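What follows draws every value from the coordinates through simple rules; no lab data is involved. No experiment lies behind these values; they were computed from the predicted model shown. When we count neighbours, we look across all protein chains shown, and the Cβ atoms used for this are built from the backbone with ideal geometry, even at glycine.
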Amino acid sequence: MKAAIFASGNGTNFEAIAKSKKLFDDGLEIKLLVCDKPNAPVIFKAKKLGIPVFINNLDDFDTRADYEREIVNVLSPLDIDYIFLAGYMRVVTNVLLDHYPNKIINIHPSLLPKFSGLNAIERAFDSGEKQTGVTIHYIDEGVDTGPIILQKIVPISNNDTVETLEKRIHENEHIMYIEVISELIKNEGENRNHEKGID
Ligand code: GAR
C-alpha cells in the first residue's frame with residue numbers, strides 16, 4: 001500500500017507509523033509527508049527517516065481549493081492508495097475528497113462525536129468526565145466527522161493531569177493507528193485477490 005501522511009505538528013503518530021516494523025512487513029510504503037507548517041517538528045522526523053517531505057503553506061495560495069489542488073498535483077504521480085491524517089489541523093475540502101474518495105483517514109483524541117475540533121484532550125479533561133478516548137475514522141467535509149473505523153475508551157483518573165492524560169492518549173493512538181492501517185492493507189490485498197478470482 002502506498003500512502004501519504006499529512007501532519008501539522010509534533011508527529012508522534014507519523015513517527016510511530018513510519019517506524020512500525022509490522023506495517024513495513026505488511027507492505028506499507030510512506031511515499032510522502034505533507035505538512036502545512038514550515039517549521040513543524042514532524043518535518044525533521046521525516047527527514048531523519050529518509051521520507052520525502054512536501055511543505056505546502058496555505059498563505060501562499062488565494063484559496064483553500066488552490067492549496068489543495070497543489071497537493072493533488074504533487075500526490076498524483078505517486079499513485080497513492082491512502083492518505084492518513086496524523087495531527088493535520090486543517091479541514092479537508094472536496095478537492096482532496098473527490099480525488100481520494102473513502103481513502104482519507106483521520107485520528108482524533110476523543111470519543112467522537114464528543115470533543116471534536118481543537119484542544120480535544122484539554123476540553124475533555126476540563127469537563128470533569130471520567131473517560132475520553134481515541135477515534136479513527138474516514139473523513140468527510142465536516143470537522144472530525146465521517147464513518148468511525150475504531151474507537152477506544154481512555155479513562156480519566158483523579159490523579160491525571162492534562163499531560164499524563166495526553167501521554168496515555170498518544171500511546172493508545174500509536175497502537176490503534178498501526179492496527180487500523182494493518183487491517184486496511186489486509187483488506188486491500190483480499191479485495192485485489194477477489195478481483196483476480198483468487199480466494
Ligand atoms: C493527536 O493527538 C491527534 O489525534 C490530534 O493531534 C495530535 C497530533 O499528535 N488530531 C486532531 O486533533 C485532529 N482533529 P502528533 O503530532 O504527536 O501525532
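Give the residue list of GluC sites (Glu not before Pro) in the stretch 96-199 that are DSSP loop and have at most 13 other beta-carbon atoms within 10 angstrom.
Glu141
Is it possible to state the helix-based mean residue ellipticity at 222 nm for the chain, with each DSSP H run of 4+ residues giving -39500 (n - 2.57), the sum divided by total residues, to the nearest 500 deg cm²/dmol? What is it?
-12500 deg cm²/dmol
Extension gain Glu129-Glu141, at 0.36 nm per residue separation less the Cα-Cα distance, in nm?
1.5 nm
Provide the gained length on full extension for the span Asn10 to Lys48, in nm with one decimal, where the gain is 0.36 nm per separating residue minus the Cα-Cα distance.
Length gained, Asn10 through Lys48: 12.3 nm.
Tell me the label-point distance for the pair Ile198, Val91, using the 7 Å Cα-to-Cβ offset, in nm and rounded to one decimal.
The two pseudo-label positions are separated by 4.4 nm.
For the stretch 1-43, restrict the atom set to alpha-carbon positions and state the Rg and Dmax in Å.
When restricted to Cα atoms, the stretch 1-43 yields Rg and Dmax of 10.6, 31 Å.
Quick one: Karplus J couplings for the stretch 129-139, per residue in order, coefficients 6.51, -1.76, 1.60, θ = phi - 60°, nearest Hz, x for Gly and Pro?
5, 8, 8, 9, x, 9, 10, 10, 8, 5, 9
What does the charge count around Pro101 come to, taking other residues whose C-beta lies under 14 Å from its C-beta (Lys +1, Arg +1, Asp -1, Glu -1)?
-3
Could you pull the Cα extents of the stretch 1-137 along its three principal axes, largest to smallest, in whole Å?
Principal-axis extents of the stretch 1-137 (Cα, largest first): 47, 40, 30 Å.
With a 10 Å Cβ neighbour count serving as the proxy for reagent exposure, in which order, fewest first, do Ser110, Ser20, Ser116, Ser157 appear?
Numbers: Ser110 22, Ser20 18, Ser116 15, Ser157 10.
Fewest to most other Cβ atoms nearby, the residues stand as Ser157, Ser116, Ser20, Ser110.
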